[in-house]
Amino acid sequence: MKKKVGIIACSGEKLVGGTLSRAAARIVVEKLRPNNTIILCQPLFMAGGLERHGGQQERDFAKNHPTITIEGCEEECAKIAVDKYSGKPATTIYIQEIAEMYPELKPKSREDLGEDGMKLAEIIAEEIAKKVDELFQSK
Amino acid sequence: MDKQLCVLPCNGLDKSLGVIARAVALNLIEKKPDFNLICPVLLNTGDEKYESNLRESRTIVIDGCMTRCATKLIEERNQKIYKRIFIPDMSKKLKIKPGTSLKLSENAKKLAEMIAKGFIEELKVSEKEDIVIVAKTERMDFFDITVDKFYFQVPKEGYFFNENDCWIKPDSNRALIGITDYLQNQSSDIMFVELPEIGQEIEQFDDVGSFESVKTVLQLISPGSGKIVAVNKALEEHPEWMNQDCYQQGWFAELELKDFEEDKELLMDGPEYFEYMKEKILKEKELLDKEKED
């Protein structure tokens, strides 16, 4: 059975970067690499899952599988959480760095990315998919 | 109101309910810009501004699913929850199904708006504190298996199982029945239950009731025969107990057994069911992986 790559978006609330991270993660897991990736829920990762399951399943997955964190801002919340509970993530994607390469694509708001924002999310998702492929090739 | 209000949503991403929790929070902030929005992930990194906001304000938590991530963040800090919004309860109350998409659907958008609007109305008339129900359950030993990030448990003893992934726990001439961890995992967040009538006579493998989740409607197929003598009425208020604690608090009905020795011939014990379930999960995973490859 193939091992999967965990995708964990910062899922931040305050900035549009958090919304982009969520949208890009969803595109990778649902459309681009559905067979090789699994979405890890950042809040669940922090909370540790259900008590009856020992509260560990998301964290254990990241311990035993390569995990890509997607950061919506410079706080690096996803990376910090993975570092804290499961060890070093395989790689980290910074939304801001990619967004700066496409200044013409301006997301509408954190509630609604709009057409430009969704285009940007697709581009970010492509970058994540490339990292997923690299991780599979390096295995 | 003399104290500032903070809004802390769970912001979940692997279920539609978390996506709706986030949308409710954004709706609340849009309608009440004086509320403080707390980013749960940034809070977890130890952000001092948020910590002090939480200490000095009253907190509204919004939980998408029964894992209660937002509630846990507050409990960890030994702080009090002023109000709690639980999306499955609200969906049931407002009769709007949340759907399964991780993208905010039109229905989900409508649900989020209605929850936020209703909540603000409610705030105006009531300041009663919510009570978070915590139930105590006995300790049990389990067989377990993790597939990808999904975790499945089967009690080692005391329970018997049918191939429909339902359990029966006999105790003298009575028995509790319910669904297994596998079935609750398959169904995802359970939102409605339809319990059987007390007094109803049932045969083994009869359909004794149903439960509806964000994904599907499923039947509970009785592993035993007899008469229904009790039902877990609390599930009507807390269907999520079938997910949270399917082997104890999430029991479905109680039977007065007809002939359990005969029923048992067609059932599996804990170790047998665990092997059966494991094989089923691994086969499904292989099929799913193959389907995605094609």
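Applying the set (1) open to solvent by 10 Å² or more (accessible area, probe 1.4 Å); (2) within 9 Å of chain A (Cβ to nearest Cβ) to B:LEU13 leaves exactly one unmet item: (1).
Picking from residues in the range B:103-117 that are under 20 Å from B:SER213 (Cβ atoms) and open to solvent by less than 30 Å² (accessible area, probe 1.4 Å), the one that is nearest to the other protein chains (Cβ to nearest Cβ) is B:ALA112.
Taking the range B:265-294 as the range and being in contact with a Gly (Cβ under 9 Å, 6 or more places away or on another chain) and either among the hydrophobic types (A, V, I, L, M, F, W, C) or loosely packed, with under 13 Cβ neighbours inside 10 Å (or both) as the test, only B:LEU267 passes.
Restrict the check to the range B:50-72 and report whether at least one residue is away from chain A (no Cβ under 14 Å), basic (Lys, Arg), assigned to a loop (DSSP other than H, G, I, E, B) and over 19 Å from B:GLU237 (Cβ atoms). The answer is no; no qualifying residue exists. When the range A:3-17 is limited to residues that are more than 7 Å from every other protein chain (Cβ to nearest Cβ) and in contact with a Gly (Cβ under 9 Å, 6 or more places away or on another chain), the one that is surrounded by the fewest Cβ atoms within 10 Å (Cβ to Cβ) turns out to be A:LEU15. Considering the conditions (1) under 19 Å from the mean Cα position of the chain (by Cα); (2) at pLDDT below 90, B:GLN153 is excluded by exactly one of them, (2).
Taking B:ASP148 as the residue in question, decide whether it is under 22 Å from the mean Cα position of the chain (by Cα) and modelled with pLDDT under 95. Against the criterion (under 22 Å from the mean Cα position of the chain (by Cα) and modelled with pLDDT under 95), B:ASP148 qualifies. Examine the range B:90-98 for a residue that is without any contact (Cβ under 8 Å) to a residue 12 or more places away in the chain and either closer than 18 Å to B:PHE119 by Cα or more than 10 Å from chain A (Cβ to nearest Cβ) (or both), and state whether such a residue exists. Within the range B:90-98 (the criterion being without any contact (Cβ under 8 Å) to a residue 12 or more places away in the chain and either closer than 18 Å to B:PHE119 by Cα or more than 10 Å from chain A (Cβ to nearest Cβ) (or both)), the answer is yes, since at least one residue qualifies. Checking the range B:122-141 against the condition returns no match, with no residue being over 20 Å from the mean Cα position of the chain (by Cα), open to solvent by less than 90 Å² (accessible area, probe 1.4 Å) and modelled with pLDDT of 85 or more.
The values are calculated or read from the model by the stated rules, or taken from the named source; none is laboratory data. Keep in mind it's a predicted model, so treat the numbers as computed, not measured. Please note: Cβ atoms are built from the backbone with ideal geometry, for glycine as well, and neighbour counts cover all protein chains shown. Side chains are part of the model used for accessible areas, which takes the heavy atoms of the whole protein and leaves out ligands, DNA and RNA. Shrake-Rupley method; radii C 1.70, N 1.55, O 1.52, S 1.80 Å.
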